[in-house]
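To keep things clear, I will list the structure first and then write my remarks on it.
The values are calculated or read from the model by the stated rules, or taken from the named source; none is laboratory data. Note that the structure is predicted; figures quoted are calculated from it, not measured. Here the Cβ positions follow ideal geometry from the backbone for every residue, glycine too, while neighbour counts run over all protein chains shown. Ligands, DNA and RNA are stripped out before the accessible areas are found, and what is left, the full protein with its side chains, is counted by its heavy atoms. Shrake-Rupley method; radii C 1.70, N 1.55, O 1.52, S 1.80 Å.
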Amino acid sequence: MANWHSFKALGRYFLFDVPSNSFFQIDEVVYRYLNKIAIPESMRNQVESELAELRKMGYLQEEKEEVPHFVKEPLLKALCLHASHDCNLRCKYCFAGTGPFGGDRENMSFDTGRQAIDLLLRESGSRRQLEVDFFGGEPLLNLEVVKQLVTYGKGAAEKADKIIHFTLTTNGILLNQEARQFLNEEQIALVLSLDGRPSVNDRMRGNGTYQRIVPNILETVKARGGQNYYLRGTYTARNLDFTEDIKHLYDLGLRELSLEPVVEKDADYRLTEDLMERIEQEYDKLAQFYLEKKQMGQGFIFFHFEISLEHGPCLPKRLTGCGAGFDYFAVTPKGDLYPCHQFVGRDGFKMGTVSEGITNQKLREEFGATTLYQKEGCADCWARFYCSGGCHANAQLLNGSIYKPDPIGCRLQRKRLECALALKGIEMEEKQSVVGN
(Lines give C-alpha, C1' and ligand atoms only; values in the text may rest on other atoms or scores of the structure.)
Protein backbone atom coordinates (compact mmCIF):
# COMPACT_ATOMS: atom_id res chain seq x y z
CA MET A 1 0.00 0.00 0.00
CA ALA A 2 1.39 3.39 -1.03
CA ASN A 3 1.26 5.53 2.12
CA TRP A 4 3.52 8.26 0.76
CA HIS A 5 4.63 9.64 -2.57
CA SER A 6 7.61 11.80 -3.51
CA PHE A 7 7.78 13.62 -6.83
CA LYS A 8 9.21 16.54 -8.76
CA ALA A 9 7.05 19.30 -10.20
CA LEU A 10 7.52 22.95 -11.15
CA GLY A 11 11.24 22.71 -10.45
CA ARG A 12 10.75 21.60 -6.83
CA TYR A 13 10.65 18.32 -4.92
CA PHE A 14 7.75 17.25 -2.72
CA LEU A 15 6.67 14.52 -0.33
CA PHE A 16 3.01 13.69 0.23
CA ASP A 17 1.97 11.59 3.23
CA VAL A 18 -1.26 9.88 2.22
CA PRO A 19 -2.99 8.85 5.49
CA SER A 20 -2.40 12.21 7.18
CA ASN A 21 -2.97 14.29 4.02
CA SER A 22 0.26 16.13 4.92
CA PHE A 23 2.59 17.71 2.41
CA PHE A 24 6.27 18.63 2.60
CA GLN A 25 8.74 20.33 0.32
CA ILE A 26 12.01 18.37 0.29
CA ASP A 27 15.39 18.76 -1.35
CA GLU A 28 16.71 16.77 -4.28
CA VAL A 29 18.85 14.48 -2.14
CA VAL A 30 15.88 13.34 -0.04
CA TYR A 31 13.84 12.89 -3.20
CA ARG A 32 16.55 10.75 -4.76
CA TYR A 33 16.89 8.65 -1.61
CA LEU A 34 13.15 8.01 -1.39
CA ASN A 35 13.03 7.02 -5.04
CA LYS A 36 16.06 4.72 -4.71
CA ILE A 37 18.31 6.91 -6.85
CA ALA A 38 21.98 7.02 -5.87
CA ILE A 39 23.07 9.82 -3.50
CA PRO A 40 26.52 10.67 -2.06
CA GLU A 41 27.35 8.34 0.84
CA SER A 42 28.40 11.36 2.88
CA MET A 43 24.76 12.56 2.92
CA ARG A 44 23.04 9.24 3.61
CA ASN A 45 23.16 9.47 7.42
CA GLN A 46 21.70 12.96 7.45
CA VAL A 47 18.86 12.01 5.11
CA GLU A 48 18.02 8.88 7.08
CA SER A 49 18.06 10.87 10.31
CA GLU A 50 15.63 13.45 8.88
CA LEU A 51 13.27 10.74 7.65
CA ALA A 52 13.48 8.98 11.02
CA GLU A 53 12.26 12.18 12.68
CA LEU A 54 9.29 12.28 10.34
CA ARG A 55 8.47 8.67 11.21
CA LYS A 56 8.62 9.47 14.93
CA MET A 57 6.06 12.17 14.27
CA GLY A 58 3.75 9.59 12.66
CA TYR A 59 4.49 10.16 8.97
CA LEU A 60 5.82 7.72 6.35
CA GLN A 61 4.25 4.74 8.07
CA GLU A 62 4.24 1.40 6.28
CA GLU A 63 1.35 -0.31 8.06
CA LYS A 64 -1.63 -1.29 6.01
CA GLU A 65 -4.54 0.93 6.94
CA GLU A 66 -7.66 -0.57 8.41
CA VAL A 67 -10.54 -0.57 5.97
CA PRO A 68 -13.24 1.63 7.53
CA HIS A 69 -16.82 0.48 7.63
CA PHE A 70 -19.76 2.81 7.33
CA VAL A 71 -23.37 2.71 6.22
CA LYS A 72 -24.76 5.44 4.00
CA GLU A 73 -28.41 6.35 4.14
CA PRO A 74 -30.16 5.79 0.79
CA LEU A 75 -31.31 9.38 0.43
CA LEU A 76 -31.46 11.18 -2.89
CA LYS A 77 -29.50 14.41 -3.20
CA ALA A 78 -29.42 15.11 -6.95
CA LEU A 79 -31.03 14.32 -10.29
CA CYS A 80 -29.78 14.91 -13.80
CA LEU A 81 -32.82 15.68 -15.95
CA HIS A 82 -32.28 14.95 -19.63
CA ALA A 83 -34.47 17.75 -20.88
CA SER A 84 -33.72 16.80 -24.47
CA HIS A 85 -32.34 13.72 -26.19
CA ASP A 86 -31.58 15.76 -29.26
CA CYS A 87 -28.80 18.18 -30.08
CA ASN A 88 -28.06 20.93 -32.58
CA LEU A 89 -24.42 19.81 -32.84
CA ARG A 90 -22.92 16.50 -33.90
CA CYS A 91 -19.71 16.35 -31.86
CA LYS A 92 -17.61 13.38 -32.90
CA TYR A 93 -16.70 12.30 -29.36
CA CYS A 94 -20.21 12.63 -27.88
CA PHE A 95 -20.92 9.76 -25.45
CA ALA A 96 -24.63 10.45 -26.01
CA GLY A 97 -24.39 9.44 -29.67
CA THR A 98 -24.99 13.10 -30.67
CA GLY A 99 -28.01 13.32 -28.39
CA PRO A 100 -30.33 10.31 -28.21
CA PHE A 101 -28.12 7.94 -26.17
CA GLY A 102 -28.89 5.16 -28.62
CA GLY A 103 -32.64 5.76 -28.43
CA ASP A 104 -35.12 8.23 -29.84
CA ARG A 105 -34.58 11.94 -30.38
CA GLU A 106 -37.17 13.40 -28.04
CA ASN A 107 -37.78 16.03 -25.39
CA MET A 108 -38.83 15.60 -21.78
CA SER A 109 -42.41 16.59 -20.96
CA PHE A 110 -43.27 18.82 -18.04
CA ASP A 111 -45.19 15.95 -16.41
CA THR A 112 -42.15 13.65 -16.51
CA GLY A 113 -39.92 16.37 -15.09
CA ARG A 114 -42.47 17.17 -12.41
CA GLN A 115 -42.58 13.53 -11.32
CA ALA A 116 -38.78 13.49 -11.18
CA ILE A 117 -38.70 16.55 -8.92
CA ASP A 118 -41.41 15.04 -6.72
CA LEU A 119 -39.31 11.88 -6.46
CA LEU A 120 -36.26 13.90 -5.42
CA LEU A 121 -38.16 15.79 -2.74
CA ARG A 122 -39.86 12.64 -1.47
CA GLU A 123 -36.75 10.45 -1.37
CA SER A 124 -34.30 13.03 -0.01
CA GLY A 125 -35.35 12.55 3.60
CA SER A 126 -33.66 15.04 5.91
CA ARG A 127 -31.46 16.52 3.18
CA ARG A 128 -32.33 20.19 2.62
CA GLN A 129 -29.82 21.17 -0.06
CA LEU A 130 -30.68 19.37 -3.32
CA GLU A 131 -29.51 19.61 -6.91
CA VAL A 132 -31.16 19.36 -10.31
CA ASP A 133 -28.99 19.43 -13.42
CA PHE A 134 -30.55 20.03 -16.83
CA PHE A 135 -28.68 18.00 -19.40
CA GLY A 136 -28.96 16.59 -22.89
CA GLY A 137 -28.43 16.42 -25.79
CA GLU A 138 -28.97 20.13 -25.65
CA PRO A 139 -31.44 21.17 -22.92
CA LEU A 140 -32.08 24.60 -24.43
CA LEU A 141 -33.90 22.84 -27.26
CA ASN A 142 -36.60 22.36 -24.61
CA LEU A 143 -36.32 25.75 -22.92
CA GLU A 144 -40.04 26.20 -22.19
CA VAL A 145 -40.21 22.96 -20.20
CA VAL A 146 -36.97 23.86 -18.39
CA LYS A 147 -38.58 27.16 -17.38
CA GLN A 148 -41.70 25.39 -16.13
CA LEU A 149 -39.68 22.88 -14.14
CA VAL A 150 -37.57 25.55 -12.46
CA THR A 151 -40.72 27.39 -11.37
CA TYR A 152 -42.35 24.18 -10.18
CA GLY A 153 -39.19 22.93 -8.47
CA LYS A 154 -38.60 26.12 -6.49
CA GLY A 155 -42.20 26.22 -5.32
CA ALA A 156 -42.36 22.54 -4.39
CA ALA A 157 -39.00 22.72 -2.59
CA GLU A 158 -40.12 25.73 -0.56
CA LYS A 159 -43.24 23.88 0.57
CA ALA A 160 -41.03 20.96 1.63
CA ASP A 161 -38.62 23.30 3.47
CA LYS A 162 -35.83 22.42 1.04
CA ILE A 163 -33.73 24.25 -1.53
CA ILE A 164 -33.01 23.02 -5.06
CA HIS A 165 -29.88 24.35 -6.76
CA PHE A 166 -30.25 24.25 -10.54
CA THR A 167 -27.49 23.77 -13.11
CA LEU A 168 -27.72 23.64 -16.89
CA THR A 169 -25.15 22.30 -19.37
CA THR A 170 -25.22 23.84 -22.84
CA ASN A 171 -23.16 24.01 -26.01
CA GLY A 172 -24.03 27.70 -26.28
CA ILE A 173 -25.70 27.70 -29.68
CA LEU A 174 -29.06 28.73 -28.21
CA LEU A 175 -27.77 31.11 -25.55
CA ASN A 176 -29.80 33.99 -26.97
CA GLN A 177 -31.22 36.97 -25.10
CA GLU A 178 -34.29 35.06 -23.90
CA ALA A 179 -32.26 32.14 -22.57
CA ARG A 180 -29.66 34.42 -20.95
CA GLN A 181 -32.27 36.49 -19.19
CA PHE A 182 -34.03 33.44 -17.79
CA LEU A 183 -30.84 31.66 -16.68
CA ASN A 184 -29.43 34.76 -15.04
CA GLU A 185 -32.63 35.85 -13.33
CA GLU A 186 -33.11 32.36 -11.89
CA GLN A 187 -29.41 32.19 -10.90
CA ILE A 188 -28.95 28.85 -12.64
CA ALA A 189 -25.33 27.70 -12.66
CA LEU A 190 -24.00 27.08 -16.16
CA VAL A 191 -21.63 24.51 -17.60
CA LEU A 192 -20.55 25.86 -21.00
CA SER A 193 -18.96 23.66 -23.65
CA LEU A 194 -16.08 24.86 -25.79
CA ASP A 195 -12.86 23.03 -26.62
CA GLY A 196 -10.49 25.96 -27.10
CA ARG A 197 -8.94 27.36 -30.28
CA PRO A 198 -11.22 27.65 -33.33
CA SER A 199 -9.50 24.89 -35.31
CA VAL A 200 -9.50 22.51 -32.33
CA ASN A 201 -13.11 23.19 -31.45
CA ASP A 202 -14.41 22.94 -34.99
CA ARG A 203 -12.50 19.74 -35.77
CA MET A 204 -14.57 17.79 -33.25
CA ARG A 205 -17.71 19.89 -32.89
CA GLY A 206 -18.38 20.96 -36.48
CA ASN A 207 -17.13 23.61 -38.89
CA GLY A 208 -18.14 27.13 -37.94
CA THR A 209 -19.37 26.19 -34.46
CA TYR A 210 -16.71 28.29 -32.71
CA GLN A 211 -17.96 31.48 -34.34
CA ARG A 212 -21.54 30.62 -33.47
CA ILE A 213 -20.81 29.74 -29.84
CA VAL A 214 -18.19 32.18 -28.56
CA PRO A 215 -20.18 35.44 -28.82
CA ASN A 216 -23.05 33.82 -26.92
CA ILE A 217 -20.77 32.47 -24.20
CA LEU A 218 -18.95 35.77 -23.71
CA GLU A 219 -22.18 37.77 -23.56
CA THR A 220 -23.68 35.31 -21.07
CA VAL A 221 -20.64 35.31 -18.79
CA LYS A 222 -20.47 39.11 -18.93
CA ALA A 223 -24.16 39.43 -18.09
CA ARG A 224 -23.67 37.38 -14.92
CA GLY A 225 -20.58 39.27 -13.84
CA GLY A 226 -18.18 36.43 -14.59
CA GLN A 227 -19.76 34.31 -11.85
CA ASN A 228 -21.73 31.10 -11.45
CA TYR A 229 -20.37 29.24 -14.47
CA TYR A 230 -17.51 27.12 -15.63
CA LEU A 231 -16.36 26.32 -19.11
CA ARG A 232 -15.70 22.67 -19.90
CA GLY A 233 -13.71 21.49 -22.90
CA THR A 234 -12.43 18.14 -24.11
CA TYR A 235 -8.99 17.35 -25.45
CA THR A 236 -8.12 14.41 -27.66
CA ALA A 237 -5.05 12.89 -29.28
CA ARG A 238 -5.39 15.58 -31.94
CA ASN A 239 -4.63 18.51 -29.60
CA LEU A 240 -2.02 17.28 -27.15
CA ASP A 241 -0.81 20.88 -26.88
CA PHE A 242 -3.98 21.65 -24.93
CA THR A 243 -2.25 24.28 -22.79
CA GLU A 244 -2.64 26.49 -25.86
CA ASP A 245 -6.39 25.92 -25.67
CA ILE A 246 -6.46 26.96 -22.02
CA LYS A 247 -4.42 30.06 -22.92
CA HIS A 248 -6.88 30.85 -25.70
CA LEU A 249 -9.87 30.54 -23.35
CA TYR A 250 -8.05 32.70 -20.81
CA ASP A 251 -7.39 35.35 -23.46
CA LEU A 252 -11.13 35.39 -24.20
CA GLY A 253 -11.62 36.52 -20.60
CA LEU A 254 -12.89 33.20 -19.24
CA ARG A 255 -11.61 32.35 -15.76
CA GLU A 256 -13.48 29.22 -14.62
CA LEU A 257 -12.06 26.43 -16.76
CA SER A 258 -11.94 22.66 -17.08
CA LEU A 259 -10.42 20.57 -19.84
CA GLU A 260 -11.20 16.85 -19.74
CA PRO A 261 -9.49 13.95 -21.52
CA VAL A 262 -11.65 12.24 -24.11
CA VAL A 263 -12.88 8.77 -23.12
CA GLU A 264 -13.06 6.47 -26.13
CA LYS A 265 -12.47 2.78 -26.82
CA ASP A 266 -11.73 2.65 -30.54
CA ALA A 267 -11.68 6.09 -32.19
CA ASP A 268 -8.45 7.28 -33.81
CA TYR A 269 -8.44 10.36 -31.55
CA ARG A 270 -8.52 8.31 -28.31
CA LEU A 271 -5.76 8.64 -25.72
CA THR A 272 -3.37 5.69 -25.67
CA GLU A 273 -0.55 4.60 -23.39
CA ASP A 274 2.15 5.70 -25.84
CA LEU A 275 0.85 9.29 -25.54
CA MET A 276 0.99 9.47 -21.75
CA GLU A 277 4.49 10.90 -21.38
CA ARG A 278 3.65 13.67 -23.84
CA ILE A 279 0.40 14.45 -21.99
CA GLU A 280 2.15 14.51 -18.61
CA GLN A 281 4.62 17.05 -19.98
CA GLU A 282 1.69 19.15 -21.16
CA TYR A 283 0.17 19.17 -17.68
CA ASP A 284 3.52 20.44 -16.38
CA LYS A 285 3.34 23.22 -18.96
CA LEU A 286 -0.23 24.04 -17.98
CA ALA A 287 0.69 24.14 -14.28
CA GLN A 288 3.51 26.59 -15.05
CA PHE A 289 1.09 28.86 -16.92
CA TYR A 290 -1.39 28.62 -14.05
CA LEU A 291 1.35 29.54 -11.54
CA GLU A 292 2.61 32.48 -13.57
CA LYS A 293 -0.84 34.00 -13.87
CA LYS A 294 -1.52 33.54 -10.17
CA GLN A 295 1.78 35.16 -9.20
CA MET A 296 0.91 38.12 -11.42
CA GLY A 297 -2.38 38.56 -9.59
CA GLN A 298 -4.28 37.45 -12.69
CA GLY A 299 -5.13 33.91 -11.64
CA PHE A 300 -7.87 31.64 -12.89
CA ILE A 301 -9.59 28.44 -11.83
CA PHE A 302 -8.58 25.17 -13.45
CA PHE A 303 -10.83 22.48 -12.04
CA HIS A 304 -8.21 19.74 -11.63
CA PHE A 305 -5.72 22.00 -9.87
CA GLU A 306 -8.13 23.17 -7.16
CA ILE A 307 -7.56 21.11 -3.99
CA SER A 308 -7.57 21.75 -0.26
CA LEU A 309 -5.20 20.11 2.21
CA GLU A 310 -6.99 21.59 5.21
CA HIS A 311 -10.58 20.88 4.24
CA GLY A 312 -12.26 18.50 1.86
CA PRO A 313 -14.79 15.69 1.46
CA CYS A 314 -15.83 13.59 4.43
CA LEU A 315 -14.45 10.04 4.77
CA PRO A 316 -17.36 8.24 3.03
CA LYS A 317 -17.05 10.66 0.10
CA ARG A 318 -13.30 10.05 -0.14
CA LEU A 319 -13.85 6.30 -0.19
CA THR A 320 -16.79 6.12 -2.58
CA GLY A 321 -16.38 9.12 -4.88
CA CYS A 322 -19.49 10.27 -6.68
CA GLY A 323 -22.94 9.09 -5.64
CA ALA A 324 -23.93 7.71 -9.04
CA GLY A 325 -26.50 4.95 -8.72
CA PHE A 326 -27.04 5.61 -5.02
CA ASP A 327 -27.94 9.21 -4.20
CA TYR A 328 -27.66 10.62 -7.73
CA PHE A 329 -29.59 9.47 -10.80
CA ALA A 330 -30.18 10.53 -14.38
CA VAL A 331 -33.70 10.79 -15.77
CA THR A 332 -34.40 10.22 -19.46
CA PRO A 333 -37.16 12.04 -21.39
CA LYS A 334 -39.28 8.90 -20.99
CA GLY A 335 -38.77 9.00 -17.22
CA ASP A 336 -36.38 6.08 -16.87
CA LEU A 337 -33.76 6.24 -14.10
CA TYR A 338 -30.08 5.40 -14.64
CA PRO A 339 -27.05 5.66 -12.31
CA CYS A 340 -25.79 8.81 -14.05
CA HIS A 341 -25.93 10.57 -17.42
CA GLN A 342 -23.13 8.42 -18.85
CA PHE A 343 -24.92 5.15 -18.01
CA VAL A 344 -28.11 6.15 -19.86
CA GLY A 345 -29.04 3.53 -22.45
CA ARG A 346 -26.53 0.90 -21.27
CA ASP A 347 -28.01 -2.58 -20.92
CA GLY A 348 -28.61 -3.72 -17.37
CA PHE A 349 -28.39 -0.30 -15.75
CA LYS A 350 -31.98 0.91 -15.78
CA MET A 351 -32.84 1.45 -12.10
CA GLY A 352 -36.50 2.40 -12.17
CA THR A 353 -38.81 5.16 -13.39
CA VAL A 354 -40.03 8.48 -12.03
CA SER A 355 -43.51 7.00 -11.57
CA GLU A 356 -42.44 3.73 -9.90
CA GLY A 357 -39.37 5.05 -8.09
CA ILE A 358 -36.10 3.18 -7.69
CA THR A 359 -36.96 -0.46 -8.29
CA ASN A 360 -33.53 -2.03 -8.83
CA GLN A 361 -32.54 -1.87 -5.18
CA LYS A 362 -29.88 -4.56 -5.55
CA LEU A 363 -27.95 -2.47 -8.08
CA ARG A 364 -28.42 0.63 -5.92
CA GLU A 365 -26.95 -1.20 -2.94
CA GLU A 366 -24.01 -2.31 -5.07
CA PHE A 367 -23.24 1.24 -6.16
CA GLY A 368 -23.66 2.55 -2.62
CA ALA A 369 -21.34 -0.08 -1.12
CA THR A 370 -18.59 0.23 -3.74
CA THR A 371 -15.48 1.79 -2.23
CA LEU A 372 -11.98 2.29 -3.55
CA TYR A 373 -10.88 -0.76 -1.55
CA GLN A 374 -12.97 -2.97 -3.82
CA LYS A 375 -11.60 -1.52 -7.04
CA GLU A 376 -8.68 -3.09 -8.82
CA GLY A 377 -5.40 -1.45 -7.77
CA CYS A 378 -6.98 1.49 -5.93
CA ALA A 379 -6.04 0.50 -2.38
CA ASP A 380 -2.36 0.51 -3.39
CA CYS A 381 -2.46 3.92 -5.10
CA TRP A 382 -1.10 7.01 -3.36
CA ALA A 383 -3.82 9.17 -4.93
CA ARG A 384 -6.67 7.02 -3.63
CA PHE A 385 -8.27 9.56 -1.27
CA TYR A 386 -8.48 12.23 -3.97
CA CYS A 387 -9.46 9.96 -6.85
CA SER A 388 -11.85 7.85 -4.73
CA GLY A 389 -11.69 4.99 -7.21
CA GLY A 390 -12.41 6.95 -10.35
CA CYS A 391 -15.47 7.13 -12.58
CA HIS A 392 -17.83 4.12 -12.45
CA ALA A 393 -19.12 4.82 -15.95
CA ASN A 394 -15.68 5.05 -17.57
CA ALA A 395 -14.57 1.84 -15.87
CA GLN A 396 -17.65 -0.01 -17.07
CA LEU A 397 -17.35 1.37 -20.61
CA LEU A 398 -13.67 0.57 -21.06
CA ASN A 399 -13.29 -2.56 -18.94
CA GLY A 400 -16.80 -3.96 -18.55
CA SER A 401 -16.90 -3.53 -14.77
CA ILE A 402 -17.25 -0.66 -12.30
CA TYR A 403 -14.51 -2.41 -10.28
CA LYS A 404 -11.82 -2.08 -12.97
CA PRO A 405 -10.66 1.54 -13.39
CA ASP A 406 -9.14 2.70 -16.66
CA PRO A 407 -5.32 2.68 -16.27
CA ILE A 408 -4.92 5.70 -18.55
CA GLY A 409 -7.48 7.66 -16.55
CA CYS A 410 -5.66 6.69 -13.35
CA ARG A 411 -2.32 7.88 -14.69
CA LEU A 412 -3.78 11.22 -15.76
CA GLN A 413 -5.44 11.66 -12.38
CA ARG A 414 -2.15 11.06 -10.57
CA LYS A 415 -0.33 13.56 -12.79
CA ARG A 416 -2.96 16.24 -12.29
CA LEU A 417 -2.82 15.69 -8.54
CA GLU A 418 0.96 16.07 -8.55
CA CYS A 419 0.56 19.42 -10.30
CA ALA A 420 -2.20 20.48 -7.91
CA LEU A 421 -0.15 19.55 -4.84
CA ALA A 422 2.93 21.34 -6.17
CA LEU A 423 0.89 24.49 -6.80
CA LYS A 424 -0.55 24.27 -3.30
CA GLY A 425 2.94 23.80 -1.85
CA ILE A 426 4.27 26.88 -3.65
CA GLU A 427 1.24 28.88 -2.51
CA MET A 428 1.88 27.88 1.11
CA GLU A 429 5.58 28.74 0.74
CA GLU A 430 4.78 32.19 -0.62
CA LYS A 431 2.27 32.89 2.15
CA GLN A 432 4.82 31.94 4.79
CA SER A 433 7.36 34.22 3.12
CA VAL A 434 4.95 37.15 3.30
CA VAL A 435 4.24 36.45 6.99
CA GLY A 436 7.97 36.17 7.69
CA ASN A 437 8.61 39.55 6.17
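For this structure, a couple of remarks:
- Taking the alpha carbon gyration tensor of the chain, multiplying each eigenvalue by 5 and rooting it gives semi-axes of 39, 27, 21 Å, largest first.
- Calculated FRET value between TYR152 and GLN361, using beta carbons and R₀ = 25 Å, to 0.05: 0.35
- Hits among aspartates and glutamates - C-alpha to C-alpha of LYS375 under 15 Å, sequence gap 8 or more where chains match: GLU366, ASP406
- For the chain, averaging the sequence separation of C-alpha pairs within contact (under 8 Å, six or more residues apart) and dividing by the residue count gives a relative contact order of 16 percent.
- Highest mean packing first, where packing is the average number of other Cβ atoms within 10 Å per residue, the peptides 349-360, 45-56 line up as 349-360, 45-56.
- Residues of region 390-433 falling in the label zone of ILE307, defined by backbone nitrogen less than 18 Å from a point 7 Å along Cα to beta-carbon, are 390-391, 408-430.
- For the pair GLU427 and ALA267, the difference between a 0.36 nm per residue extended length and the Cα-Cα distance amounts to 53.6 nm.
- The heavy atoms of GLU292 present about 90 square angstrom of accessible area, all protein chains included, probe 1.4 Å.
- Prolate/oblate/rounded label for region 156-253 (Cα gyration tensor, a/c 1.5): prolate
- Pairs beyond 22 Å (Cα-Cα), from LYS8/LYS404; LYS247/LYS285; LYS293/LYS415: LYS8/LYS404
- For the chain, with +1 on Lys and Arg beta carbons and -1 on Asp and Glu, the positive-most of TYR338, THR112, ASN399 along the dipole: THR112
- Of the whole protein surface, HIS341 contributes about 40 Å² of accessible area at a 1.4 Å probe radius.
- Accessible area per residue, Å², the chain with all protein chains present, probe 1.4 Å: 46 Å²
- Relative contact order (percent, whole number), region 143-295, Cα cutoff 8 Å, 6+ residue spacing: 19 percent
- Heavy-atom accessible area for MET43, with the other protein chains in place and a 1.4 Å probe, reaches approximately 70 Å².
- Whole-percent carbon and sulfur share, accessible surface of region 344-437, 1.4 Å: 48 percent
- Overall form of region 202-290 per C-alpha gyration tensor (a/c, 1.5; a/b vs b/c): oblate
- Using just its DSSP H runs of length 4 or more, each adding -39500 (n - 2.57), the chain gives a mean residue ellipticity at 222 nm of -12500 deg cm²/dmol after division by all residues.
- Fraction of accessible area attributable to carbon and sulfur, region 15-62 (%, probe 1.4 Å): 49 percent
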